[in-house]
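S.K.: So that we are looking at the same thing, I have put the structure below in structure tokens.
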Amino acid sequence: MLVIAQGISAFGEDVGAGQPTITGIIADNTKVENRTKIFSIFAITKAVTSTFGSLLANLPIGLQDWFSV
């Protein structure tokens with residue numbers, strides 16, 4: 001669920017109050033003993049989805065080259 005939510009929220013997270021809101025929600029809804037683990041998973045999914053999004057930016061250029069679109 002966290003991976004899906006992070007993937008969707010990555011589209012507009014850097015605009016406005018995205019990151020602080022998500023951080024607050026995680027802090028409010030996790031037990032203290034699980035919080036470090038959840039924030040670590042959150043950071044990893046953010047890095048992966050950001051990398052994937054950056055790679056998607058090259059997709060139109062690749063389609064032009066590969067398929068003459």
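Bear in mind that the values in this text are calculations on the coordinates, not laboratory data. Because the structure is a prediction, the values reported are computed rather than measured. Heads up, the Cβs are rebuilt from the backbone with ideal geometry, glycines too, and the neighbour counts pull from every protein chain shown.
S.K.: Between ILE41 and ILE26, what is the label-to-label distance in nm when each label sits 7 Å out along the Cα-to-Cβ direction?
M.R.: Once both label points are built, they end up 1.1 nm from each other.
S.K.: Let me ask something else. Hey, what do the phi angles of region 42-55 turn into as Karplus ³J(HN,Hα) couplings, whole Hz, using 6.51/-1.76/1.60 and θ = phi - 60°, x for Gly and Pro?
M.R.: Result, ordered by residue: 4, 5, 5, 5, 5, 5, 5, 5, 5, 5, 4, x, 5, 5 Hz.
S.K.: Which residues does a label at TRP66 reach in region 25-53, if reach means a backbone N under 19 Å from a point 7 Å past the Cα toward the Cβ?
M.R.: 51-53
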